[in-house]
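The values are calculated or read from the model by the stated rules, or taken from the named source; none is laboratory data. These figures come from a predicted structure and were not determined experimentally. Because the Cβ atoms are built from the backbone with ideal geometry, glycine has one as well, and the counts that use them run over all protein chains shown. Calculation scope for accessible area: heavy atoms of the full protein, side chains included, ligands and nucleic acids excluded. Shrake-Rupley method; radii C 1.70, N 1.55, O 1.52, S 1.80 Å.
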Amino acid sequence: MRTVYVNGEYLLENEAKVSIFDRGFLMADGVYEVTSVLDGKLIDFAGHAKRLERSLNALDMPHPAVLPDLLGVHRELVRLNAVEEGMIYLQITRGAPDDRDFVFPDPETTMPTVVLFTQNKPDLANSPAAKKGIKVISIKDQRWARRDIKTVQLLFPSMGKMMAKAAGVDDAWMVEDGAVTEGTSNNAYIVKDNTIITRHLGSEILHGITRAAVLRFAKEAQMKVEERCFTIAEAQAADEAFITSASTFVMPVVEIDGEAIGVGEPGAVVTRLREIYLEESRKAAV
Ligand code: PMP
């Protein structure tokens, strides 16, 4: 049984409790981060901590007292649960006032709720899916407009995954005004004539921590990068396609809406990017 963290305490998962009045539960009034663990160490922790603070500020959410010590809490959970490879999920909500109300509770009396737990995934880096690539469908993006804030409002992405599952594929790319925004839980890319193309940052997508690292490594390796919109038709005509996220790293996409991308197998650019990302991230892990 896992040991989890709730509001300053390390507890067994079946002893951890949160109020029914918690605004995360009642209103999805919460933010989260997922950080990967490789070799028992945290990948890109500083990036996740920085984005968490940005999400809190964007929602006017009080900073919990534990914020400066989050690295310590992450490390302690990795130790207590002997995680070699996997993820740490962190969620902060606006807390639990003593009743339901649309108005934000007084931050002097209602403290944020902080929850962390670990997920063991022994095949995270050596993923079978990364060797053969994943298939996606396109769906209409029906999320709210502030996708740059990493909130726990994941109902539409969850429905998107179910649409993909019903279509017999692995994931969905969301489309708005004719252009791909992102995957249900990842950023989306195509490669054409050795140029990596991914949507520019804005409130339409989450500013992926893996995205930032991968684009940095790509530029360092002298690869060309274009941050702009692209369509599903352009993606289907691309040489390669892929996604990035903290839990999939760099993952090839080999089919979009039934059309094979390139030869229908992971290509050279995505394979190289995955190698570089894993190598560099392991070196920088804390
Ligand atoms: N976009 C969305 C909608 C996501 O949910 C995620 C993963 N949380 C990402 C992109 C990838 O972000 P990151 O690389 O920081 O995991």
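For this structure, a couple of remarks:
- Being more than 17 Å from the chain's Cα centre (by Cα), closer than 30 Å to Lys41 by Cα, open to solvent by less than 30 Å² (accessible area, probe 1.4 Å) and more than 16 Å from the ligand (Cβ to nearest atom) is a condition met by at least one residue of region 133-153.
- Residues located in region 80-97, provided they are within 23 Å of the chain's Cα centre (by Cα) and open to solvent by 30 Å² or more (accessible area, probe 1.4 Å): Ala82, Glu84, Glu85, Tyr89, Gln91
- Positions within region 166-180 being surrounded by 15 or more Cβ atoms within 10 Å (Cβ to Cβ) and assigned to a loop (DSSP other than H, G, I, E, B), in sequence order: Ala167, Val169, Asp170
- For region 52-68, filtering for residues that are touching a strand residue (DSSP E or B) at 6+ places or on another chain (Cβ under 7 Å) and within 15 Å of the ligand (Cβ to nearest atom) leaves 2.
- The listed residues are Leu71, Leu90, Leu26, and the only one of them that is among the aliphatic types (A, V, I, L, M) and in contact with a strand residue (DSSP E or B) (Cβ under 7 Å, 6 or more places away or on another chain) turns out to be Leu90.
- Any hit, region 98-106, residues being open to solvent by 40 Å² or more (accessible area, probe 1.4 Å), closer than 16 Å to Val31 by Cβ and either within 16 Å of the ligand (Cβ to nearest atom) or assigned by TED's automatic domain parsing to the domain that holds Val270 (or both): no
- Lone qualifier among Ile197, Ile190, Ile205, Ile243 - being among the β-branched types (Val, Ile, Thr), within 10 Å of the ligand (Cβ to nearest atom) and assigned to a strand (DSSP E or B): Ile243
- Criterion applied to Glu227, Glu220 was being surrounded by fewer than 16 Cβ atoms within 10 Å (Cβ to Cβ) and within 16 Å of the ligand (Cβ to nearest atom), and the one residue passing it is Glu227.
Per-residue answers, yes or no, for (1) closer than 20 Å to Ile243 by Cα; (2) in contact with a strand residue (DSSP E or B) (Cβ under 8 Å, 6 or more places away or on another chain):
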| residue | (1), (2) |
| --- | --- |
| Val114 | no, yes |
| Ser138 | yes, yes |
| Gly178 | yes, no |
| Ser185 | yes, yes |
| Ile196 | yes, yes |
| His200 | yes, yes |
